[in-house]
Amino acid sequence: MQHFTPKKVSQLFSLNNDPMILSEFKPSTRQKQGLFEKDLFTIDDVQKIGECKGFFKRPQRPMVMTFFTTKGGVFKTTLALNVARMSALHNIRTCIVGLDVQGDITLAMGVLPQESEEGEINDVLNRYDEVKGIYDIFTGRSQVSQLLLDSDIPGLKVIPETPELVAMADAIAGMNRREYWLKEKVIAPLKLMFDLIIIDCSPNWNRLTTNALMASDILVSPLECKINNFRNLKIYRRMLEEFQNDMQIDLPVLFVPTRYAANKKLSCDIRDWYQSNLEQVSPVGIRESTAVEESMALRVSLLEHRASGEILCEMKQVLSWLASECLSRSEDVTNINSLDGQASSLAKKTGISYQSQLL
Ligand SMILES: Nc1ncnc2c1ncn2[C@@H]1O[C@H](COP(=O)(O)OP(=O)(O)O)[C@@H](O)[C@H]1O
Ligand SMILES: [Mg+2]
């Protein structure tokens with residue numbers, strides 16, 4: 001069982017190491033550390049403290065935040081994992097849905113049977129074979145609640161990526177209301193169980209991605225601070241705009257500049273350009289840093305791993321910004337419902353099923 005020192009808890013929730021803030025919470029355990037006994041918080045304590053004092057507030061209604069852009073290696077999975085773990089540490093019921101067949105977030109969450117586990121190879125392989133994914137919903141073999149894997153944080157669950165995802169994108173293409181499959185069959189039941197649903201997409205514009213966008217309340221797109229990305233950005237924004245027009249949705253897109261090199265002028269200039277020229281962009285970017293790679297290798301968020309440094313300040317600011325955007329949009333119920341209504345009334349009027357001609 002994981003235990004947390006008061007210092008660590010303070011670090012997690014940016015409490016400035018102020019003992020007064022934590023004094024109202026009693027640590028549940030004492031442990032011997034060297035000659036002394038130390039009061040330590042359990043993970044349940046930490047979640048209570050996070051809920052009262054942290055920077056991530058529970059959304060007013062269940063929210064779906066999707067991480068997607070048409071580029072790989074730009075920290076989509078990293079940001080998705082950091083948001084999900086921090087949200088769960090704030091006692092917000094959170095579910096990660098992996099939609100990238102590479103399975104990065106499933107691996108990073110460590111929810112699959114591990115190679116290092118004890119036991120016969122056949123046992124491990126069998127357990128691996130039994131892991132279910134959204135394909136099992138598609139075939140009618142499982143219900144959503146049967147797919148949820150536990151993580152090391154209570155209340156944080158994962159629907160893992162399985163190899164069958166490869167076939168799914170094509171299989172959905174032949175269905176009625178094909179852009180709504182994920183929203184109706186997977187996300188709707190998850191919204192009854194969770195406050196926040198995080199979808200981690202592959203960099204491909206395919207049917208799984210469009211399904212994720214249709215099911216989302218917020219799209220988070222990391223933007224690499226590299227010169228060749230300017231052109232990508234233009235095309236990407238146009239593609240999103242056409243998709244939204246076509247599908248009659250109004251999906252907020254939040255941009256996060258990533259992979260900037262703090263010691264390279266051009267890279268910092270690109271980051272600044274994003275920040276001055278895009279409407280919804282995070283207040284800071286996320287730099288290249290080995291600390292984040294280490295935290296991913298250890299399967300934790302950066303704030304759980306690291307106590308200080310500029311990268312930590314950046315990650316905190318980005319997470320706080322995403323959390324506050326999520327909260328404020330969750331308060332705006334009228335917008336979302338009326339948009340769904342608009343789309344369906346338009347479809348009724350024109351007699352056209354509102355599916356994208358683009359796709
Ligand atoms: N701030 C960072 N600096 C350097 N490497 C990072 C940072 N954040 C993440 N990484 C590493 O970069 C790689 C790509 O990140 P990832 O989040 O998987 O990208 P994507 O999901 O967009 O393909 C991963 O190996 C990850 O551990
Ligand atoms: Mg990824």
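On the given criteria, is L35 crowded, with 19+ Cβ neighbours inside 10 Å and either without any contact (Cβ under 8 Å) to a residue 40 or more places away in the chain or farther than 30 Å from R329 by Cβ (or both)? Considered against the rule, which asks whether it is crowded, with 19+ Cβ neighbours inside 10 Å and either without any contact (Cβ under 8 Å) to a residue 40 or more places away in the chain or farther than 30 Å from R329 by Cβ (or both), L35 comes out as no.
Of all residues in segment 44-57, those that are surrounded by 19 or more Cβ atoms within 10 Å (Cβ to Cβ) and closer than 21 Å to M193 by Cα total 3. Annotation: G72 fulfils all but one of (1) in contact with a Pro (Cβ under 8 Å, 6 or more places away or on another chain); (2) under 17 Å from S320 (Cβ atoms); (3) small (G, A, S); the unmet one is (2). Consider segment 197-207. How many of its residues are under 17 Å from L147 (Cβ atoms) and more than 15 Å from ligand 2 (Cβ to nearest atom)? The number of residues fulfilling the criteria is 1.
Here W181, W205 are screened, and the one residue that is within 16 Å of ligand 1 (Cβ to nearest atom), over 22 Å from W321 (Cβ atoms) and more than 16 Å from the chain's Cα centre (by Cα) is W205. Scanning segment 59-95 for residues that are more than 16 Å from ligand 1 (Cβ to nearest atom), outside any helix (DSSP H, G or I) and either in contact with a Ser or Thr (Cβ under 6 Å, 6 or more places away or on another chain) or not assigned by TED's automatic domain parsing to the domain that holds S151 (or both) yields P59, Q60, R61, M63, V64, T94.
Scanning segment 143-161 for residues that are surrounded by fewer than 22 Cβ atoms within 10 Å (Cβ to Cβ) and either β-branched (V, I, T) or in the same structural domain as I43 (by TED's automatic domain parsing) (or both) yields a count of 1. With A169, A188, A173 as the choices, which residue is within 29 Å of L322 (Cα to Cα) and either at pLDDT below 90 or in contact with a His (Cβ under 6 Å, 6 or more places away or on another chain) (or both)? Only one candidate qualifies: A169.
Against the definition (within 27 Å of N245 (Cα to Cα), within 15 Å of the chain's Cα centre (by Cα) and charged (D, E, K, R)), how does D104 come out, yes or no?
The answer is no for D104.
A single member of G73, G103 is surrounded by fewer than 18 Cβ atoms within 10 Å (Cβ to Cβ), over 18 Å from P154 (Cα atoms) and either polar (S, T, N, Q) or within 16 Å of ligand 2 (Cβ to nearest atom) (or both), and it is G73.
Of S23, S28, all but one fail to be under 26 Å from D150 (Cα atoms) and more than 21 Å from the chain's Cα centre (by Cα); the exception is S28.
Residue-wise test of (1) closer than 30 Å to I227 by Cβ; (2) within 20 Å of the chain's Cα centre (by Cα); (3) modelled with pLDDT under 95; (4) surrounded by 12 or more Cβ atoms within 10 Å (Cβ to Cβ).
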| site | (1), (2), (3), (4) |
| --- | --- |
| V256 | yes, yes, no, yes |
| V281 | yes, yes, no, yes |
| T290 | yes, no, no, no |
| S330 | no, yes, no, yes |
| G341 | no, no, yes, no |
| L346 | no, no, yes, yes |
| Y354 | no, no, yes, yes |
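Of the residues in segment 286-301, at least one is part of a loop (DSSP other than H, G, I, E, B), within 24 Å of S324 (Cα to Cα) and in the same structural domain as T210 (by TED's automatic domain parsing). Could you check F194 against (1) part of a loop (DSSP other than H, G, I, E, B); (2) aromatic (F, W, Y); (3) over 30 Å from T42 (Cα atoms) and say which number it fails? Failing condition for F194: (3). Would you pick out the residues in segment 34-58 that are part of a loop (DSSP other than H, G, I, E, B) and either farther than 18 Å from E325 by Cβ or among the acidic types (D, E) (or both)? Answer for segment 34-58, where residues must be part of a loop (DSSP other than H, G, I, E, B) and either farther than 18 Å from E325 by Cβ or among the acidic types (D, E) (or both): G34, L35.
The values are calculated or read from the model by the stated rules, or taken from the named source; none is laboratory data. Nothing here was measured: the structure is a model prediction, and the numbers come from that model. Cβ sites come from the backbone with ideal geometry, for glycine too, and all protein chains shown count toward neighbours.
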